[in-house]
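Q: Submitted below is the structure of interest, expressed as structure tokens.
Derivation of every value follows stated rules applied to the coordinates shown; laboratory data play no part. Keep in mind it's a predicted model, so treat the numbers as computed, not measured. All Cβ positions, glycine included, derive from the backbone under ideal geometry; neighbour counts span all protein chains shown.
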Amino acid sequence: MVQDEIFFDPTGAPLAAHASGALHVQDIMCLRGSHCLFDGFSLTLDPGAALAVYGANGAGKTSLLRLIAGLVPIQAGAVTLPAAPDMAVAVHYVGHLDGLKNALRVWETLHGFAGFYGCAALSEWQTKQILSLLGLSACADRPVGELSAGQRRRLALARLLPVARPLWLLDEPFTALDTQGREVLTRLVGAHLALNGMVIASSHEALPFATQTITLPAPQGSV
Amino acid sequence: MRIFLALMFQQVRLGWRGGQTVLAIAFLFIAVTLLPFGIGPELRLLKELAPGLVWVVMLLTLMATLDRLFQADLEDGALDQLFLLPLALELVVLAKATGHFVVVVLPLLLAVPLAGILLNIEPVALPSLMAALALGAPSLVLLGAIGAALSVTVRRATMLTGLLVMPLYVPVLIFGIAASTPSAGGDGAVNAAGLGVLALFGLAALLLAPVAIAAALRAGLR
């Protein structure tokens, strides 16, 4: 019961599996300036599946994730999740930029995540639980600005925990993480998949949790 | 509502820890101290000009603090996350603007009576000026936030934000200064009609500016 150790419901109720249905990406096109990265790109991701996106620098891995998250306007095609009409509240996106505020302390950042996603305030026990899971217990009171790159990455991943969303979009999630950090992330993803969640992660190295992979073609000439 | 408050509270916390409150008040005082040197030692002249000077200094202080409102979030990636919250982007930006109002503008307003001494503002004229500034400030913050959102993808955009926002400030400034002058009679009674116009501006900005800010931020997505 991996998920019981990682995800918890404050009321003690058993956790509900995600019922979002499969993710469909249909014929999307990605433009970077006047440069066409890919056109007519489609994929389907079933609940409980994790897709690793490989590709050379500039192939459009980040753009693909941002397109799916709705952070880049979709020029052509569609991204749909049947049970979630609003993609914005169905995805967690952890990108290159971590979105953390240097002036805030680690625990304040964590409580901020809970507040922003509209879930109940984290209890002291929950806060401790999340921090120890991520290996950040020792720096709960330190300002984020003092953390190392790997610790920042771990804290950025904490965004995935307070509120459950069916689709995780992780942009090179292993960057800056040490062996133990990678194990933690792999466990988190495993528990997420066990609850019928979906993951799309870009990477330059093999991702142990991937159930399927795709390699984006190398960047071509302009349109 | 809880999300709104959480966003607002974080904005207040960041503004306070980043020293924005103290910096804004210090800027106000330095500007107000310099003005008499520029105008000369004519006390009567200073008193006449004072309301206008206070308004212009307020405008400049706000402009200087507002240009980072969204750019800081763009640089550290927090802006992306604002799009993914279970709250309409219009309300998200309103929460941020409200937080900015609480942590920068309210302290500035409280500092105005003290700064007024340096400009030889008589106590009897103070209530009108304060009421006008308090009613005008929300419009100033919200209009400034439109400029900040429009120029969010441009680095070091303080001047550009100024160019975008200054024309929008003109009506608020005109009615603001009119409302800052006590009504005739010299008993210090506030200029109710002028204040009403400012309040109306504030309401209009409250309804329309978040839509414009959110649209500007969405247009900056890439």
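Q: Using only the Cα atoms, what convex hull volume per residue in Å³ does region A:39-163 have?
A: Measuring per residue, one finds 145 Å³ for the Cα hull of region A:39-163.
Q: So how do A:Ile28, B:Ile177 line up by other beta-carbon neighbours within 10 Å, fewest first?
A: B:Ile177, A:Ile28
Q: Give the residues of region B:192-222 whose amide nitrogen is closer than 20 Å to a point set 7 Å from the Cα of B:Glu75 in the direction of its Cβ.
A: B:217, B:220-222
Q: In peptide A:116-127, how many Cβ atoms from other protein chains are near each Cβ within 10 Å, on average?
A: Averaged over the peptide's residues, the number is 3.
Q: State, as an integer percentage, the relative contact order of chain A based on alpha-carbon contacts under 8 Å between residues 6 or more apart.
A: Once divided by the residue count of chain A, the mean separation gives 33 percent.
Q: Per-residue ellipticity at 222 nm for chain A, helices alone: DSSP H runs ≥ 4 residues times -39500 (n - 2.57), over residue total, nearest 500 deg cm²/dmol?
A: Using -39500 (n - 2.57) per qualifying helix, the result is -8000 deg cm²/dmol.
Q: May I pose another question? With chain B treated as a Gaussian network of Cα nodes joined by springs under 10 Å, which of B:Gly18, B:Gly116, B:Gly52 yields the largest mean-square fluctuation?
A: B:Gly18
Q: Let me ask something else about it. About its Cα centre, what dipole magnitude does region B:2-219 give when the only charges are +1 on Lys and Arg Cβ and -1 on Asp and Glu Cβ, stated in debye to the nearest 20?
A: 280 debye
Q: Relative to the compact-globule scaling 2.2 N^0.38 Å, provide the ratio for the alpha-carbon radius of gyration of chain B.
A: Its radius of gyration relative to the 2.2 N^0.38 Å reference: 1.04.
Q: For A:Thr175 and A:Ala56, calculate 0.36 nm times their separation in residues minus their Cα-Cα distance, and state this gained length in nm to one decimal.
A: The span from A:Thr175 to A:Ala56 would gain 41.3 nm if fully extended.
Q: Something else about it: What's the exposure ranking of A:Cys119, A:Cys30, going from fewest to most Cβ atoms within 10 Å?
A: Lowest count first: A:Cys119, A:Cys30.
Q: Still on this model: For the pair B:Arg44/A:Glu146, report the inter-label distance in nm, with labels modelled 7 Å from Cα in the Cβ direction.
A: 6.1 nm
Q: Output the Kirkwood hydrodynamic radius of region A:42-99, Cα pairs only, in Å rounded to one decimal.
A: Result for region A:42-99 stands at 12.9 Å.
Q: Give me a single rounded figure for B:78-89: the average over its residues of other chain Cβ atoms within 10 Å of their Cβ.
A: 6
Q: Hey, if you put +1 on the Cβ of every Lys and Arg and -1 on every Asp and Glu Cβ in chain B, which of B:Gly196, B:Ala215, B:Gly136 ends up farthest toward the positive end of that dipole?
A: So the residue we want is B:Ala215.
Q: Along the charge dipole of the protein assembly as shown, pointing to its positive end and built from +1/-1 on Cβ of Lys, Arg, Asp and Glu, which listed residue (A:Ser123, B:Ile177, A:Cys36) has its Cα farthest out?
A: The Cα lying farthest towards the positive end belongs to B:Ile177.
Q: So if I restrict to the alpha-carbon atoms in the protein assembly as shown, what is the Rg, and what is Dmax, the biggest pairwise distance, in Å?
A: Values for the protein assembly as shown (Cα only, Rg and Dmax): 25.6, 81 Å.
Q: Averaged across the residues of A:90-101, what count of C-beta atoms belonging to other chains lies within 10 Å of each residue's C-beta?
A: 4
Q: Could you put B:Lys96, A:Lys128 in order, starting from the residue whose Cβ has the fewest other Cβ atoms within 10 Å?
A: Starting with the residue having the fewest Cβ neighbours, the order is A:Lys128, B:Lys96.
Q: Using θ = phi - 60° and the Karplus relation 6.51 cos²θ - 1.76 cosθ + 1.60, list the HN-Hα couplings for region A:118-126 in order, rounded to whole Hz, with x at every Gly or Pro.
A: x, 9, 4, 4, 6, 6, 4, 5, 5
Q: Under a plain spin-label model, where a point goes 7 Å from the Cα along Cα-to-Cβ, how far apart in nm are A:Asp39 and A:His24?
A: For the pair A:Asp39/A:His24, the computed spacing is 2.3 nm.
Q: Still on this structure: For region B:105-222, max minus min Cα coordinate along each principal axis, in Å, sorted largest first?
A: Taking the Cα atoms of region B:105-222, the three principal extents are 57, 28, 21 Å.
Q: Amide H to amide H under 5 Å from A:Cys36: which residues, 5+ apart in sequence or cross-chain, H placed 1.01 Å off N in plane?
A: A:Val223
Q: Okay, helix-only estimate at 222 nm for chain B: each DSSP H run of n ≥ 4 adds -39500 (n - 2.57), divide by all residues, round to 500 deg cm²/dmol; what do you get?
A: Here the helix-only value at 222 nm equals -26000 deg cm²/dmol.
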